[in-house]
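Here is the structure we will look at, set down as structure tokens.
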Amino acid sequence: MTYPAPVDLPTKDLFRLDVSGGAGGVGTTVGKAILEIGGDVVFADMPPSPNPDTWKTIEDIAAASGTKAWYHQLNVTDADSIPQVFNTIREEIRFPLRGLVACAGISGECDACDYPAEVFRKIVDVNLTGTFLVTQAVAKEMHASKVTGSMVLIASMSGWVTNRGINTAPYNASKSAIHQLARSLAAEWGHPQNVFPGRTPGDANPNLEEERKAYPPIRVNTISPGHIATPIAGAAIQRGLVDQWKKQNMLGRISQPEEFRAPVLFLLAEGSSYMTGADLRVDGGHCAW
Ligand SMILES: NC(=O)c1ccc[n+]([C@@H]2O[C@H](COP(=O)([O-])OP(=O)(O)OC[C@H]3O[C@@H](n4cnc5c(N)ncnc54)[C@H](O)[C@@H]3O)[C@@H](O)[C@H]2O)c1
């Protein structure tokens with residue numbers, strides 16, 4: 001059994017989602033874009049409350065678009081508190097969660113020989129484990145609501161190539177892992193029973209005594225941005241590295257957060273209904289050189 005192509009879904013219902021890392025440069029910008037196009041958005045990030053000026057803009061956009069926005073404090077590495085946050089979110093949202101944009105991420109620069117183990121672990125914890133924990137929570141919501149969904153995990157071109165002039169081994173490794181995480185989750189959540197025709201759920205899942213439940217498919221894709229002018233790149237920008245980076249891509253400049261609106265909307269929407277387990281590189285041609 002496969003799930004039919006969602007050809008009849010109204011366009012206005014395509015973007016119900018959660019943006020983790022929602023107060024960051026990319027998260028705020030794509031969240032606003034989703035509101036503008038007709039989707040409600042739950043922003044989630046570390047600070048107890050959002051920046052008041054940013055939040056005012058978000059609320060103005062939501063009011064003008066007939067959409068709604070919420071903010072929740074969420075530490076993506078805190079496995080115990082994530083279910084509690086989603087219990088609250090479930091009570092307040094108007095429609096089931098249909099999408100996730102996972103933006104939360106940190107970086108850090110240090111020569112590999114000197115990289116402190118605890119800092120390495122922290123970067124992997126936020127970027128990889130944190131992303132996984134949020135996808136897990138959102139998948140459970142989608143399964144419980146019996147809706148199809150689309151998840152967009154913000155990886156990086158640093159998952160494909162190594163940044164020149166900046167030593168960020170754990171960051172780069174964590175972003176490669178995001179690509180593989182997305183492929184793995186896409187495989188598990190894309191097919192209603194995560195089995196291939198001809199195999200029984202019991203064969204595929206020897207540890208399961210009961211037959212695996214069938215759920216509508218969730219697509220999982222990644223976006224791999226090139227350099228973006230946001231706070232995470234702040235230290236490198238201050239050191240003048242941007243002038244070097246500009247020369248390393250085919251467009252001769254680094255990108256702005258706004259340039260990720262369309263790629264995110266495309267992957268969330270049913271226009272990409274046959275895309276899963278894929279990576280969309282949005283890097284000004286950096287990796288193609
Ligand atoms: N800026 C770039 O050059 C660039 C390039 C490629 C990929 N990316 C990726 O894009 C994504 C968004 O980054 P950005 O450029 O908007 O940076 P940003 O620093 O503006 O945003 C990152 C957000 O993640 C949040 N965050 C950090 N730890 C968290 C935690 N434990 N729980 C919840 N939230 C947490 C931060 O509070 C922040 O709001 C990141 O995954 C980043 O790795 C950025």
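Structure values in brief
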| read-out | value |
| --- | --- |
| Karplus 3J(HN,Hα) series, Hz, for the stretch 70-81 with 6.51 cos²θ - 1.76 cosθ + 1.60 (x for Gly, Pro) | 10, 10, 9, 6, 8, 9, 5, 8, 8, 4, 6, 8 |
| Estimated vicinal HN-Hα couplings, Hz - the stretch 174-187 in sequence order (Karplus 6.51, -1.76, 1.60; Gly, Pro = x) | 5, 6, 4, 5, 5, 4, 6, 4, 4, 4, 5, 5, 4, 5 |
| Within the chain, helix-based [θ] at 222 nm, where runs of 4 or more DSSP H residues each add -39,500 (n - 2.57), nearest 500 | -11000 deg cm²/dmol |
| Farthest positive-ward along the chain dipole, Cα basis, beta-carbon charges - from Ala79, Leu181, Ser224 | Ser224 |
| Full-stretch length increase - Leu9, Ala144 - with 0.36 nm per residue and alpha-carbon distance subtracted | 46.7 nm |
| Amide H within-cut-off set for Val101, under 5 Å, with H built and near neighbours excluded | Asp18, Val19, Ser20, Val152 |
| Difference of contour (0.36 nm per residue) and Cα-Cα distance, Ala64 to Glu91 | 7.3 nm |
| Under 5 Å, built H, 5+ apart or other chain: amide partners of Trp70 | Val41, Val42, Phe43 |
| Packing rank of 230-238, 167-175, 152-160, where each peptide gets the mean count of other beta carbons within 10 Å, highest leading | 152-160, 167-175, 230-238 |
| Estimated distance in nm for a label pair at Glu109 and Gln256, the labels positioned 7 Å out from Cα along Cα-to-Cβ | 2.5 nm |
| Accessible area expressed per residue, the chain, with surrounding protein chains retained (probe 1.4 Å, Å²) | 49 Å² |
| Reduced Cα scattering model of the chain, Debye log10 I(q)/I(0), q = 0.11, 0.17 Å⁻¹ | -0.65, -1.45 |
| Nearest-10 value in Å² for the accessible area of Thr131, using the 1.4 Å probe | 10 Å² |
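The values are calculated or read from the model by the stated rules, or taken from the named source; none is laboratory data. Please read all numbers here as calculations on a predicted model, not as lab measurements. A quick note on method: Cβ atoms are made from the backbone with ideal geometry, for glycine too, and the neighbour counts reach across all protein chains shown. What goes into the accessible areas is simple: the full protein's heavy atoms, side chains included, and nothing from ligands, DNA or RNA. Shrake-Rupley method; radii C 1.70, N 1.55, O 1.52, S 1.80 Å.
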